[in-house]
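This is the structure, below, for whatever I ask next.
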Amino acid sequence: YIRCFWGTKKPLSVQAGEASSGIVIPDTCMDLIFDINYTQNHASMAFCTLDEHSYRTSGEPSQEVTGTFAIRFYAWTASLFADLDFTGLKNQAMDAAIPFRQLTAQLSPILFDEPTLAGKAAVAERFLLRALDGIHPDADLLNAIHTLLKTNGRARIHDLCSDAVISQRKLERLFQRHMGISPKGFASLMRYQLLWQDLAAHPQLNLLDAVDKYGYTDQAHLLNTFRRFHGMPLQEVDRVIYPVCT
């Protein structure tokens, strides 16, 4: 259900004039983010849906003691803990209390009592495990996701429907309700992310091999799709330093 927990290892005191920035690229996860201000004893919460575009972030300089804690859900599991369905919810960063009213109301106060990332993760994991009582994942959705994963996102819609034994109309509704995206859109996002991981690990990857491996029509199709998701041409990627999340 959870891809990982991430954030600052302990509260940080940021000096005036310091600021951070970075590039966030699309992936197949959704993030529930708690930004905790220990100086003002306040937490702001955001939920980041599936994105189809890259964007830059920037942190404002501050002299306050702050910390960040985030829960990274797989795209197909976040809705299990939410109070509403995700139809139409993509390319957004919203107030987390909108889709996760009960979860954030109960979890947010507890996070103040744990100063470290490890402590917050342990608290969140126990809380989420209790929340799983009575939750029943949709088997049809999971079957379709499994088919996409084992085919590197190359499975056709007909194959997804056949493996899950459902109609295309129902498949579309399931993807929209749980992830806010169409099956075709999610498959394209998955192929891009797998391609990016391959390129990051093997900078000299032969693009013609990648075309065949990930089911693109030709090299131009691969390059155009990469630029659409990544926000820059493939040739410019080596000029950017990306943060590493462990």
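The values are calculated or read from the model by the stated rules, or taken from the named source; none is laboratory data. Given the structure is predicted, the values throughout are model-derived calculations rather than measurements. All Cβ positions, glycine included, derive from the backbone under ideal geometry; neighbour counts span all protein chains shown. Only protein heavy atoms, including side chains, enter the accessible area calculation; ligands, DNA and RNA are left aside. Shrake-Rupley method; radii C 1.70, N 1.55, O 1.52, S 1.80 Å.
Could you list, in sequence order, all residues of the range 167-185 that are surrounded by 19 or more Cβ atoms within 10 Å (Cβ to Cβ) and over 19 Å from the mean Cα position of the chain (by Cα)?
Leu171, the sole residue that qualifies.
Next up: Quick check on my filter: what residues within the range 122-166 are in contact with a Ser or Thr (Cβ under 8 Å, 6 or more places away or on another chain) and crowded, with 16+ Cβ neighbours inside 10 Å?
Initially, the range 122-166 is screened for residues in contact with a Ser or Thr (Cβ under 8 Å, 6 or more places away or on another chain), giving 137, 153, 155, 159-161, 163-164.
If the condition is that a residue be in contact with a Ser or Thr (Cβ under 8 Å, 6 or more places away or on another chain) and crowded, with 16+ Cβ neighbours inside 10 Å, then Gly153, Ala155, Leu160, Cys161, Asp163, Ala164 are the ones that fit.
Of the numbered conditions (1) in a loop (DSSP other than H, G, I, E, B); (2) touching a residue at least 40 places away in the same chain (Cβ under 8 Å), Leu141 satisfies every one except a single condition; which is it?
Result: Leu141 passes all but (1).
Go over the candidates Asp159, Asp218, Asp140, Asp212 one by one and state the one that is out of contact with any helix residue (DSSP H, G or I) (no Cβ under 7 Å at 6 or more places or on another chain) and acidic (Asp, Glu).
Values: Asp159 fails: out of contact with any helix residue (DSSP H, G or I) (no Cβ under 7 Å at 6 or more places or on another chain); Asp218 fails: out of contact with any helix residue (DSSP H, G or I) (no Cβ under 7 Å at 6 or more places or on another chain); Asp140 fails: out of contact with any helix residue (DSSP H, G or I) (no Cβ under 7 Å at 6 or more places or on another chain).
Asp212 is the lone residue from the list that is out of contact with any helix residue (DSSP H, G or I) (no Cβ under 7 Å at 6 or more places or on another chain) and acidic (Asp, Glu).
Each row is one residue, and each column tells you yes or no for (1) at pLDDT below 90; (2) in contact with a helix residue (DSSP H, G or I) (Cβ under 8 Å, 6 or more places away or on another chain); (3) part of a strand (DSSP E or B); (4) open to solvent by 30 Å² or more (accessible area, probe 1.4 Å).
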| site | (1), (2), (3), (4) |
| --- | --- |
| Thr39 | yes, no, no, yes |
| Arg56 | yes, no, yes, yes |
| Pro61 | yes, no, no, yes |
| Ile71 | no, yes, yes, no |
| Trp76 | no, yes, no, yes |
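Which condition number in (1) at pLDDT below 95; (2) over 12 Å from Phe229 (Cβ atoms); (3) touching a helix residue (DSSP H, G or I) at 6+ places or on another chain (Cβ under 9 Å) is the one that His202 fails?
Going through the list (1) at pLDDT below 95; (2) over 12 Å from Phe229 (Cβ atoms); (3) touching a helix residue (DSSP H, G or I) at 6+ places or on another chain (Cβ under 9 Å), His202 breaks only (3).
Select, from Met94, Met45, the only residue that is modelled with pLDDT of 90 or more, out of contact with any His (no Cβ under 9 Å at 6 or more places or on another chain) and either in a loop (DSSP other than H, G, I, E, B) or within 28 Å of Arg228 (Cβ to Cβ) (or both).
Met94
Within the range 233-246, work out how many residues are surrounded by 15 or more Cβ atoms within 10 Å (Cβ to Cβ) and at pLDDT 80 or above.
Qualifying residue count for the region: 1.
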